[in-house]
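Q: My questions all concern the structure below.
Only the coordinates and a few stated rules stand behind these numbers; no lab work does. Note that the structure is predicted; figures quoted are calculated from it, not measured. For neighbour counting, all protein chains shown are included, and Cβ atoms are generated from backbone atoms with ideal geometry for every residue, glycine included.
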Amino acid sequence: MNTDPAAMEGASGPVAVQADRGGTDMVPTLLDGLRGTNPALVLLFGAQADDLAVLQAALAPHLPPDCVIAGCSSAGEIGPQGYASDSVVAIGFPARHFRAASLLLPDLAALPVSEWMAQLRQMARDFGPDPARHLFGLLLTDGLAGQEDALVATLDAALPSVPVLGGSAGDGLDFRRTSLLAQGAVRSGVAVFLLVETDLTIREVTFAHFSPTPTRAVVTAAIPEKRRILELNAEPAAQEYARLTGLRRADLTPSEFARHPLLLRMGGRHHVRAISAITDDDGLSLMSSIDTGTVLTLGRSEDLIQGFSDLLEALPAPPLMVLAFDCILRRLALERAGLTDRMSDLYRRHRVAGFNTYGEQHSGMHVNQTFVGLAFMRSDDVA
């Protein structure tokens, strides 16, 4: 069985367990790993639509009746031993330290923002947060609906005092259909928002391994609603991107997109506008919003390991777990550099668990090619 060491410590913090996706022992393995946690919340990452439905039906009868179960499909998983594929990772948040509520945000295509804001505010009132505990929000959303920017703006406006982080569901780089589990049903084209409070100390952990170069480009034609760049510097976008990176048009792959990200400067910092694919008309399909007239900077990849290791080591206490939303493009960059095992070892030592995303959300922004996480620590261990 593949279980986080915290499970052996009387569930003093979140517990992660991993099982092979679709295997006959998938459900027994997950239940065995969660046994004794008495979870208030269980997150499931990695399963596709059919498996998510099976997991919901199989796990729910063995969990507390008020346990919130939510999850999504992924582009890869992070389990107790680090990076994984074709698996399911379940994370149980024990009721002795956590309380949670969930809200389904449906119909992403229509963007019913006013309705969402009313529901979110009512949710917060009904939840009745304990001022002596730490409150945070988790967002899981369809990674192909293209509405993350609107979602995080809505959450920031409706719940301005609640720190929110999360990730966009994936589908193993197929870019066809992602799935979300919430309130007993599996859906696409929706988002799930979780309001959570804990008596543990929490710290947000964010890391992006890139820096800007002097090379810039202007988006001279775009289709914002499709997150598509048609032209860069008045040239077909894919051709101009290839020229700027010094690559042949035929060599543009997801791994090269990860090595040479396009950056947008906001709030004094550069954030990735990640490329997901080349379109049939030689445009670039992005994983974040884009507008005509935007000035983009070509980025360069820097050390993938050391800066992230330093960030984890700087936490005020050893984490019981770091809940992770880790962009799939970071994982591709690590694979290309032959660093996957080193990162998995780092994840294992710091108890990182979660999934590889099609986008990450934190601090009221939707970003790409970034690690976004939340570290949980015993309050007594934090000076």
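Q: At a temperature of 25 °C and a viscosity of 0.890 mPa s, determine how fast the chain diffuses translationally according to Stokes-Einstein, using the Kirkwood radius over alpha-carbon pairs as Rh; express D in µm²/s, rounded to the nearest whole number.
A: 117
Q: Taking the Cα centre of the stretch 160-294 as the origin and placing charges on Cβ (Lys, Arg +1; Asp, Glu -1), which of Ser211, Val272, Leu252 is farthest toward the positive end of the dipole?
A: Of the listed residues, the answer is Ser211.
Q: Determine, from the Cβ-Cβ distance of Val54 and Arg300 and an R0 of 56 Å, the FRET efficiency 1/(1 + (r/R0)^6), rounded to the nearest 0.05.
A: 0.80
Q: So what is the relative contact order for the chain, in percent, with contacts set as C-alpha pairs under 8 Å and at least six apart?
A: 20
Q: So, in nm, how far is label Asp291 from label Thr253 when the simple model puts each one 7 Å beyond its Cα toward the Cβ?
A: Reported label-point gap for Asp291 and Thr253 is 3.6 nm.
Q: Could you point to the residue in Gly71, Ser102, Ala58 farthest towards the positive end of the stretch 49-143's charge dipole, with +1 and -1 charges on the Cβ of Lys/Arg and Asp/Glu respectively?
A: Towards the positive end, the residue furthest out is Ser102.
Q: PRE reach from Ala234 (point 7 Å along Cα→Cβ): which of the stretch 292-306 fall under 19 Å by backbone N?
A: 292-296
Q: Alpha carbons only, please: Rg and Dmax for the stretch 320-383, in angstrom.
A: Just the Cα atoms of the stretch 320-383 yield Rg and Dmax of 13.1, 41 Å.
Q: Same structure again: Modelled label-to-label distance, Arg176 and Asp32, 7 Å Cα→beta-carbon offset: nm?
A: Using points 7 Å along Cα→Cβ, the separation is 3.3 nm.
Q: Contour minus end-to-end for Asp280 and Asp86, with contour as 0.36 nm per residue of separation and end-to-end as the Cα-Cα distance?
A: Roughly 66.8 nm would be gained on extension.
Q: Sort Cys72, Cys327 so the one with the fewest other Cβ atoms within 10 Å of its own Cβ comes first.
A: Placing the least packed residue first, the sequence is Cys327, Cys72.
Q: I would also like to ask the following. Cα convex hull of the stretch 210-300: mean projected area in nm², to one decimal?
A: Dividing the Cα hull surface by four gives the mean projection, 5.2 nm².
Q: For Glu204 paired with Ala314, estimate the spin-label separation in nm (one decimal), with each label point 7 Å from Cα along the Cα-to-Cβ line.
A: Here the answer is 1.5 nm between the modelled labels.
Q: Something else now. What percent does the relative contact order of the stretch 309-383 come to when contacts are Cα pairs within less than 8 Å and at least six residues apart?
A: Working: 106 pairs, mean separation 36.2, N = 75.
Here the relative contact order equals 48 percent.
Q: Relative to the longest principal axis of the chain, what angle (0 to 90°, nearest 10) does the C-alpha long axis of helix 49-59 take?
A: The two axes meet at around 10 degrees.
Q: Given Cβ point charges of +1 (Lys, Arg) and -1 (Asp, Glu) and nothing else, what value in debye, to the nearest 20, does the dipole of the chain about its Cα centre take?
A: Rounded to the nearest 20 debye, it is 460 debye.
Q: Between Thr213 and Asp66, what length in nm is gained on full extension when 0.36 nm per residue of separation is reduced by their alpha carbon distance? Kindly include the intermediate steps, with their values, before the conclusion.
A: Values: separation 147, 0.36 × 147 = 52.92 nm, distance 5.09 nm.
Taking Thr213 through Asp66 to full extension adds about 47.8 nm, to one decimal.
Q: Related question: Using a Förster distance of 22 angstrom, determine the FRET efficiency expected from the C-beta separation of Ser12 and Arg125, and round it to 0.05.
A: Calculated value: 0.10.
Q: For the chain, what does the helix formula give at 222 nm: sum of -39500 (n - 2.57) over DSSP H segments with n ≥ 4, over the residue count, nearest 500 deg cm²/dmol?
A: The helix contribution divided over the chain gives -6500 deg cm²/dmol.
Q: How far, in degrees from 0 to 90, does helix 148-158 lean away from the longest principal axis of the Cα atoms of the chain, to the nearest 10?
A: Roughly 50 degrees, rounded to the nearest 10.
Q: Using Cα pairs closer than 8 Å and at least 6 residues apart in sequence, work out the relative contact order for the stretch 210-300, in percent. Kindly include the intermediate steps, with their values, before the conclusion.
A: Details: 191 pairs, mean separation 38.7, N = 91.
Reported relative contact order: 43 percent.
Q: OK, next. Give the residue list of trypsin sites (Lys or Arg not before Pro) in the stretch 248-322 that are DSSP loop and have at most 16 other beta-carbon atoms within 10 angstrom.
A: Those that pass, being in a loop and sparsely packed, are Arg248.
Q: Please report, in debye to the nearest 20, how large the charge dipole of the stretch 210-300 is about its Cα centre when each Lys and Arg carries +1 at its beta carbon and each Asp and Glu carries -1 there. Show your work: numbers first, answer last.
A: Numbers: 12 positive and 10 negative charges, 93 e Å.
Using Cβ point charges on Lys, Arg, Asp and Glu, the stretch 210-300 gives about 440 debye.
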